[in-house]
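The values are calculated or read from the model by the stated rules, or taken from the named source; none is laboratory data. Here the structure is a predicted model, which is why all the values come from computation and not from measurement. Quick reminder, even Gly has a Cβ in these numbers, built from the backbone with ideal geometry, and neighbours come from all protein chains shown. These accessible areas exclude ligands, DNA and RNA; they are computed on the full protein's heavy atoms, side chains included. Shrake-Rupley method; radii C 1.70, N 1.55, O 1.52, S 1.80 Å.
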Amino acid sequence: MIIIHHLNNSRSQRLLWMLEELQLDYEIKRYEREKDMSAPASLRAVHPLGKSPVLEEDAVTYVESGAIMTHLADKHGRFGPPEDPEGARRWHQYMHYAEGSLMPPLFGKLIVMKLGFLGMPARKPVQSRLDDHFRYLDDELSGRAWFCGDELTAADIMMSFPLEAAQARAGLDERYPNILAWLKRCHDRPAYARALERGGEYAYA
Ligand SMILES: N[C@@H](CCC(=O)N[C@@H](CS)C(=O)NCC(=O)O)C(=O)O
């Protein structure tokens, strides 16, 4: 049995999507963010870092979205790296890029905006870094439906959270039509809709 420790409005939503794409049985344990957006202390009883997602399967505890996705893709033989070398290269790149390159400036923007007046001098440079990413990604999606080619892979599922958050609060708009079309393709998938239904509150869809 799979148990997913799911925090509302968080990265764990994309793991529900992956589980729905794989049509697996799973149980959701829910956690509600505190007023300051942090996870409740009860999540620390599951893993010392107290972050979501956490996946438990066969008495093993998995953390880090990318590692969890890779484990699921390997185990079930679906949504992993495409067979063609270019598709596989892209898959590995985007599995890392989502958390390693795109989330840091998004988090930076969140902090800078929270700082209000104090954060003013940092607004432009942070947004300019984000715009570099959006331009690059829009170009990457030109002429291909998904990040690695013609088929949805776990790399797309990893990329969904940062790009949803970017659309909600970091200036990802109609200047980047290929990304918006890709987001729509993600949101149109029946498994995505089922994951939303099961996950509860999610501000970014
Ligand atoms: N790189 C980790 C990040 C985990 C993470 O920071 N999760 C956020 C949810 S979006 C969280 O639990 N935040 C609550 C907190 O930090 O207290 C992953 O992808 O799994």
(request) Return the only residue of Leu152, Leu172, Leu106 being assigned to a helix (DSSP H, G or I) and either basic (Lys, Arg) or not assigned by TED's automatic domain parsing to the domain that holds Met69 (or both). (result) Leu106
(request) Answer yes if at least one residue in segment 3-18 is modelled with pLDDT of 95 or more, more than 8 Å from the ligand (Cβ to nearest atom) and open to solvent by 80 Å² or more (accessible area, probe 1.4 Å), and no otherwise. (result) no
(message) Only one of Ala203, Ala191 is closer than 25 Å to Ile4 by Cα and either within 16 Å of the ligand (Cβ to nearest atom) or touching a Gly at 6+ places or on another chain (Cβ under 9 Å) (or both). Can you tell me which?
(response) Ala203
(request) Look at segment 29-65 and say how many of its residues are among the charged types (D, E, K, R), within 12 Å of the ligand (Cβ to nearest atom) and not in a loop (DSSP other than H, G, I, E, B). (result) 1
(message) Scan segment 30-37 and tell me whether some residue there is open to solvent by less than 60 Å² (accessible area, probe 1.4 Å) and under 14 Å from Ile4 (Cα atoms).
(response) yes
(message) Being touching a residue at least 12 places away in the same chain (Cβ under 8 Å), assigned to a loop (DSSP other than H, G, I, E, B) and in contact with a helix residue (DSSP H, G or I) (Cβ under 7 Å, 6 or more places away or on another chain): is that true of Tyr202 here?
(response) yes
